[in-house]
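The block underneath contains the structure these notes are about, expressed in structure tokens.
The values are calculated or read from the model by the stated rules, or taken from the named source; none is laboratory data. Just so it is clear, the model here is predicted, and its values are computed rather than measured. Here the Cβ is made from the backbone with ideal geometry for all residues, glycine too, and neighbour counts use every protein chain on show. Areas reflect the complete protein model, heavy atoms only, side chains present, ligands, DNA and RNA absent. Shrake-Rupley method; radii C 1.70, N 1.55, O 1.52, S 1.80 Å.
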Amino acid sequence: MFGEIDRPLVIALSKGRPLLAQLDLLAKLGITPSEDIGKSRKLVFPCNHPKVSLMVLRGHDVATYVEHGIADVGIVGKDVLLEFEGDNFYEPLDLKMAQCRMMVAGLVDEKPLPRRLRVATKFIETAKRFYAAEGTQIDMIKLTGGLELAPVMGLADRIVDIVETGNTLIANGLEPKALICDISSRLIVNKVAFKTKQAVIDQLIQVLTEHTL
Ligand code: AMP
């Protein structure tokens with residue numbers, strides 16, 4: 001349980017599918033928002049814990065707010081961190097939540113591939129690194145969502161995307177072709193806050209570690 005703390009702590013959470021698991025984890029530490037985050041349009045929430053406040057942001061923005069020290073700590077997917085440019089935070093803990101895989105996928109009934117692959121993704125840096133390590137030349141096609149459609153409609157030969165159950169791939173006649181890496185939610189900590197708020201952040205890491213599988 002998260003106890004008395006001497007300094008205020010701002011925690012940034014990632015919106016979307018993994019938010020409930022993040023709130024459940026914080027509830028186990030005794031940190032609950034004072035109003036229902038799901039029903040509110042607010043972005044900053046006071047908590048039952050007088051010195052803790054929560055922000056709810058898109059994953060990339062969680063990293064940006066922690067990078068700039070507006071949020072002291074954040075919970076964000078490794079997929080976001082692999083794309084993020086800044087490095088003004090530490091990543092001390094794998095929370096082992098929202099576990100999924102970054103994969104290359106393509107059509108089950110695939111025609112012979114061209115020599116230069118067209119790869120559609122929103123994970124540009126991750127895809128670049130993967131194909132560079134393989135020594136494969138590609139043309140990158142940047143999309144922001146609905147990646148599964150790209151091979152089906154002939155826009156791309158392959159996609160690089162997050163796969164959890166694999167149901168979305170199957171529903172679109174796609175299959176995994178290669179695993180790039182495993183993904184899960186990570187705790188990130190602003191480097192300055194790590195020093196100036198050492199006691200409270202140490203305590204947070206300790207209780208989170210106890211509640212992480
Ligand atoms: P699934 O059908 O369960 O394999 O889920 C695949 C779809 O959900 C893809 O469009 C992914 O972008 C998205 N997705 C799966 N897991 C996550 C996650 N942990 N965080 C964000 N998006 C996810």
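Could you tell me the extents of region 100-182's C-alpha atoms along the three principal axes, largest first, rounded to whole Å?
30, 28, 21
For 118, 17, 186, 41, what's the largest-to-smallest order of accessible area, 1.4 Å probe?
In descending accessible area the options line up as 41, 17, 118, 186.
Once neighbouring chains are kept in place and the probe is 1.4 Å, which whole percent of the accessible area of region 81-178 is contributed by carbon and sulfur?
51
Tabulate in residue order the Karplus-calculated ³J(HN,Hα) for region 58-70, using 6.51 cos²θ - 1.76 cosθ + 1.60 with θ = phi - 60°, rounded to whole Hz; enter x for Gly and Pro.
Each residue's phi maps through the Karplus curve to give 5, x, 4, 6, 4, 4, 5, 5, 6, 3, 8, x, 6 Hz.
Please give the contour-minus-distance gain from residue 70 to residue 195: 0.36 nm per residue of separation, less the Cα-Cα distance, rounded to one decimal in nm.
43.5 nm
Where both partners of a DSSP beta bridge lie in region 100-182, what percent of those bridges are antiparallel, to the nearest 5?
So the antiparallel bridges in region 100-182 amount to around 60 percent.
Could you check what % of the DSSP bridge pairs in the chain are antiparallel, to the nearest 5?
60
Would you mind working out the accessible area per residue for the chain, using a 1.4 Å probe, and quoting it in Å²?
For the chain, the per-residue accessible area is 53 Å².
Please give the residues of region 196-213, grouped as numeric ranges, whose backbone N is less than 12 Å from a label point set 7 Å along the Cα-to-Cβ vector of residue 96.
Backbone N within reach: 209-213.
Under 16 Å Cα-Cα from residue 96, which lysines qualify once same-chain neighbours fewer than 8 residues away are excluded?
28, 78
How about region 77-166: which GluC sites (Glu not before Pro) there lie in a loop by DSSP and see at most 11 other Cβ atoms within 10 Å?
85
With all protein chains present and a 1.4 Å probe, how do 70, 205, 162 order by accessible area, largest first?
Descending accessible area places them as 70, 162, 205.
For residue 165 and residue 202, FRET efficiency with R0 = 41 Å and r from the beta-carbon atoms, rounded to 0.05?
The formula returns an efficiency of 0.65 here.
Assuming 0.36 nm per residue, please report the length gained on full extension of the stretch residue 36 to residue 139 beyond their Cα-Cα distance.
32.7 nm
Whenever you get a sec, line up 180, 11 from highest to lowest accessible area (probe 1.4 Å, protein heavy atoms).
Order by accessible area, largest first: 180, 11.
Residue by residue through region 6-16, what is 3J(HN,Hα) from phi via Karplus (6.51 cos²θ - 1.76 cosθ + 1.60, θ = phi - 60°)? Round to whole Hz and write x for glycine and proline.
For region 6-16, the Karplus curve yields 8, 10, x, 10, 10, 10, 9, 10, 8, 5, x Hz.
For residue 52, what residues show an amide H to amide H distance below 5 Å, using hydrogens built from the backbone and excluding near sequence neighbours?
Answer set, sorted by chain and number: 9, 47.
Calculate, for residue 212 and residue 175, the FRET efficiency according to 1/(1 + (r/R0)^6) with r their C-beta to C-beta distance and R0 35 Å; round to the nearest 0.05.
My answer for the efficiency is 0.65.
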